[in-house]
Amino acid sequence: MSSIKETLIKIYAKHVVRKTAKWSSNPVKTQEKVMKRLVSKAKKTKFGKDHSFDKITTYNDFSREIPITDYEGIRPYIEKVIKGKKNILWPGKPIYFAKTSGTTSGEKYIPITKDSIPFHVKGSVDATMHYIVETNNTSFLNKKIIFLQGSPVLENLNGINTGRLSGIVAHYTPAFLRKNTMPSWETNCIEDWETKVEKVSQETLNEEMAAIGGIPPWVVMYFEKLIALSGKKTIKEIFPSFSLFVYGGVSFAPYKKIFRKLIGKKIDSIEYYPASEGFFAYQDSQKEEGLLIQLNSGIFYEFIETSKMHSSNPKRITIKDVELHKNYVLIISTNAGLWGYNTGDTVAFVSLEPYKLIVTGRFKHFISAFGEHVIGSEVEKALKKATEETGTNIKEFTVAPLISPKKGLPFHEWWIEFDTTPTQKEIKELSAKIEDSLKELNSYYKDLIIGKVLKPLEIVVVQKNGFKKYMEKEGKLGGQNKLPRLSNNRAIVEKMSSLKNT
């Protein structure tokens, strides 16, 4: 029998789904309204004056006056905001800075305003409401829920609270979840990730956990700690009521097998697409592929085909002109004061009614040392298929080119940490399966192999907890930090040279 809380939430969930259907069925009009509202509100800001916002009435005006930029491009404006200046990128001052670690810009300070913060919270709530309407599952609301996230302790930067996005959002836990959300505030404030996981595990071990959220590799670490502390073999023995996993930030596909093994049963999952710059999309159905892009959340979206990004003036398009299964770089303008901002993410649409996308990788995370143009989604798909066919469980991986081997042709090197160390025969079989799958997915790669420009890939076995040690050494253990799936250089794997399995 449903509790009063569950009944009320089911009513609210239906309301959310109806509202979502209204704007998602009018995507072009919705985005036009968002664009006009953003421009109108920011006309008198410094950025608005510098870019003639008073002349912008159409999308053509918008794309003419507002250039595509990245963090380095808006850094001069951000620095003015950091110094305490008002009305720079958005009216007034931000209420938060989300601090992130950039690969090219060092630490970045992404503004979050009173207009944008509600949508960072609303996205995850709405995703949950869609799940409830579709599955009728509300039992998890009366049991314990945990979100593995960054510390909510914030610094003060000239009057602006500053911290990791997950730590900022922790201050906005919805009222209907507060009483059953774990860990305790004190434990959540622990900065050191290993200490935090230990404490979280001890604190939750004997609780009735029903829903767990976090970035997959860090949740694996939590599960392994729970199993070690409890002496049990699976998470289902520890948490019999565990029925829902919520995640975002990285693809879940490479982790599915290790999760299934650790949990010991199949459970539902909800994928989010959150970022410091905005909450872009969420999974609205357990039955359909893709994430529903949030067109009514104060973000105006533009897209540039990845193949055209290197041209001097690449063509920008709006939601109206995107096509299915093409790779686009995601460009945003937001109610936090980001304008024509290149997120660096690449996406592809899998549905246009409504608009649903998948994240295919990072524009700067690719391998094209020889013109192969291999991207993140391709290596993930190739590995997923190969592990399913061979029954192999992997914990983490990254891929890099070896351009000048001591002998023979160059090749791609796959650095993989396995759940159980494989035999040479198993490694050989897995390598061949990945190779076959990657050639199916990427014709450029296939041509280079056939033409003997590249030789087939090789696997380097990473020692147990090797990737964890690398991330710890880099100061990126836990929280929102993610390991790049692939890179066009050997910076990561060279730092991991001592972590090979010998």
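The values are calculated or read from the model by the stated rules, or taken from the named source; none is laboratory data. None of these values were measured; they are calculated from a predicted model. As a convention, Cβ positions derive from the backbone with ideal geometry for all residues, glycine included, and neighbour counts pool all protein chains shown. SASA here: full protein model, heavy atoms, side chains in, ligands and nucleic acids out. Shrake-Rupley method; radii C 1.70, N 1.55, O 1.52, S 1.80 Å.
Below, the figures for the structure above:
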{"read-out": "Solvent-accessible surface (1.4 angstrom probe) belonging to Val125, in square angstrom, nearest 10", "value": "20"}
{"read-out": "³J(HN,Hα), Karplus 6.51/-1.76/1.60, whole Hz, each residue of the stretch 377-388, x for Gly, Pro", "value": "5, 6, 5, 5, 5, 4, 5, 4, 5, 5, 5, 5"}
{"read-out": "Placed amide H near Phe147: partners under 5 Å, 5+ positions off or other chain", "value": "Met182, Gly213"}
{"read-out": "Per residue, in Å², the accessible surface of the stretch 444-496 once ligands and nucleic acids are set aside, probe 1.4 Å", "value": "51"}
{"read-out": "Hz values of 3J(HN,Hα) by residue in the stretch 288-300 - Karplus curve (6.51, -1.76, 1.60), Gly and Pro given as x", "value": "10, 6, x, 10, 6, 6, 7, 8, 10, 10, x, 10, 9"}
{"read-out": "Under-17-angstrom lysine pairs by C-alpha in the stretch 28-89, whenever the two are 8 or more apart or on separate chains", "value": "24"}
{"read-out": "The stretch 1-137, accessible area per residue, ligands and nucleic acids excluded (1.4 Å, Å²)", "value": "53"}
{"read-out": "Radius of gyration, Dmax [the stretch 435-502; alpha carbons; angstrom]", "value": "15.2, 43"}
{"read-out": "For Phe363, residues with placed amide H under 5 Å, excluding near neighbours", "value": "Asp345, Thr346"}
{"read-out": "Average accessible surface area per residue within the stretch 200-353, 1.4 Å rolling probe, Å²", "value": "37"}
{"read-out": "For the stretch 446-491 and the stretch 55-94, distance of Cα centres in Å", "value": "36"}
{"read-out": "Of Lys439/Lys500; Lys122/Lys232; Lys14/Lys232; Lys266/Lys395, pairs whose Cα-Cα distance is over 29 Å", "value": "Lys122/Lys232; Lys14/Lys232"}
{"read-out": "Gain on full stretching of the segment that runs from Lys29 to Leu483 - 0.36 nm per residue minus C-alpha separation", "value": "159.7 nm"}
{"read-out": "Normalised contact order of the chain, rounded percent, pairs of Cα under 8 Å and 6 or more residues apart", "value": "13"}
{"read-out": "Fraction of accessible area attributable to carbon and sulfur, the chain (%, probe 1.4 Å)", "value": "50"}
{"read-out": "Gain on full stretching of the segment that runs from Asn142 to Asp54 - 0.36 nm per residue minus C-alpha separation", "value": "26.5 nm"}
{"read-out": "Relative contact order (%) - criterion: Cα under 8 Å, at least six apart; region: the stretch 1-105", "value": "22"}
{"read-out": "Val453 paired with Lys425, simple spin-label distance in nm, labels 7 Å along Cα-to-beta-carbon", "value": "3.7"}
{"read-out": "Distance between modelled label sites at Leu324 and Lys495, nm, 7 Å Cα→Cβ extension", "value": "4.1"}
{"read-out": "Alpha-carbon centroids, the stretch 382-441 and the stretch 261-320: separation in whole Å", "value": "28"}
